[in-house]
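Here it is, the structure, as structure tokens.
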Amino acid sequence: MSTTYLEEFLSSLDSLPADITRKLKLLKHLDERSAALLEKIEASLSKSDKGDSRPAILKSIKDDQQSCLEIAQEKISTAQQTYDLLDLHIRRLDQDLKKFEEERKLGKDKANKGKKQTGDKRKSTDAGLNEIDMEYDDTEPKYCFCNQVRES
């Protein structure tokens with residue numbers, strides 16, 4: 001059962017690197033567009049200082065600023081989508097890990113319960129005689145510091 005969690009999670013990760021790469025490339029492209037618009041705005045500002053037709057330049061600057069704001073909103077949206085994508089995979093991994101730990105704990109509890117019911121089998125040798133399988137009750141008191149059942 002634990003391998004299915006791992007296999008399912010790993011199969012869900014197949015497209016993750018490509019998705020993240022695509023989103024980061026989009027962010028880079030948006031940054032480049034934004035930088036180009038800012039350069040255009042600066043060039044328009046220097047033209048307005050020279051006395052060219054001021055209303056036309058101001059309208060161009062206003063339009064470019066609006067485009068920059070739209071690009072910034074698109075960058076924020078893309079960054080949020082990327083974060084949500086990663087967060088989704090992290091939450092799924094946390095859930096699968098929690099399920100795996102619970103199953104492991106239940107399996108361990110069942111194994112311990114079965115061990116208590118069947119008892120411990122320990123091999124003992126008596127002065128070089130044949131090894132004998134001896135069954136001990138786990139509830140039997142333990143007498144020494146090694147925490148073993150007394151055999152004699």
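The values are calculated or read from the model by the stated rules, or taken from the named source; none is laboratory data. In this text, all values refer to a predicted model and were calculated from it rather than measured experimentally. No Cβ is skipped: glycine too gets one built from the backbone with ideal geometry, and neighbour counts run over all protein chains shown. Ligands, DNA and RNA are stripped out before the accessible areas are found, and what is left, the full protein with its side chains, is counted by its heavy atoms. Shrake-Rupley method; radii C 1.70, N 1.55, O 1.52, S 1.80 Å.
So, Asp109, is that one open to solvent by less than 90 Å² (accessible area, probe 1.4 Å) and modelled with pLDDT of 65 or more or not?
Numbers: open to solvent by less than 90 Å² (accessible area, probe 1.4 Å): yes; modelled with pLDDT of 65 or more: yes.
Yes.
Would you say Gly114 is on the phi > 0 side of the Ramachandran plot and either among the hydrophobic types (A, V, I, L, M, F, W, C) or modelled with pLDDT under 85 (or both)? Spell out how you get there, then give the answer.
Numbers: on the phi > 0 side of the Ramachandran plot: no; either among the hydrophobic types (A, V, I, L, M, F, W, C) or modelled with pLDDT under 85 (or both): yes.
No; evaluated as a whole, the condition is false for this residue.
Still on this structure, please answer the following. Could you list, ordered by first residue, the pairs with Cβ atoms under 9 Å in which the first is in region 76-90 and touching a residue at least 24 places away in the same chain (Cβ under 8 Å) and the second is of a type in the set (D, E, K, R) and in a helix (DSSP H, G or I), at least 6 apart or interchain?
Thr78/Lys23; Ala79/Lys23; Gln81/Lys23; Thr82/Asp19; Thr82/Lys23; Leu85/Asp19; Leu85/Lys23
Given the conditions (1) within 23 Å of the chain's Cα centre (by Cα); (2) modelled with pLDDT of 85 or more; (3) among the hydrophobic types (A, V, I, L, M, F, W, C); (4) open to solvent by less than 50 Å² (accessible area, probe 1.4 Å), and given that Leu13 satisfies all but one, which numbered condition is not satisfied?
Of (1) within 23 Å of the chain's Cα centre (by Cα); (2) modelled with pLDDT of 85 or more; (3) among the hydrophobic types (A, V, I, L, M, F, W, C); (4) open to solvent by less than 50 Å² (accessible area, probe 1.4 Å), only one is false for Leu13: (2).
Contact list please: Cβ distance under 8 Å, first residue in region 10-32 and under 15 Å from Arg92 (Cβ atoms), second residue assigned to a helix (DSSP H, G or I) and open to solvent by less than 50 Å² (accessible area, probe 1.4 Å), pairs at least six apart or on different chains.
Ser12/His89; Leu13/His89; Leu16/Leu85; Leu16/His89; Asp19/Leu85
For Asp19, are the conditions met, namely being surrounded by 11 or more Cβ atoms within 10 Å (Cβ to Cβ), of a type outside the set (Phe, Trp, Tyr) and touching a Ser or Thr at 6+ places or on another chain (Cβ under 9 Å)?
Numbers: surrounded by 11 or more Cβ atoms within 10 Å (Cβ to Cβ): yes; of a type outside the set (Phe, Trp, Tyr): yes; touching a Ser or Thr at 6+ places or on another chain (Cβ under 9 Å): yes.
Taking the combined requirement at face value, the residue satisfies it.
Could you list, in sequence order, the residues of region 39-57 that are open to solvent by less than 90 Å² (accessible area, probe 1.4 Å) and not β-branched (Val, Ile, Thr)? Write out each step before concluding.
Here is the first cut: in region 39-57, the residues open to solvent by less than 90 Å² (accessible area, probe 1.4 Å) are 41, 43-46, 48, 51-53, 56-57.
Correct list: Ala43, Ser44, Leu45, Ser46, Ser48, Gly51, Asp52, Ser53, Ala56.
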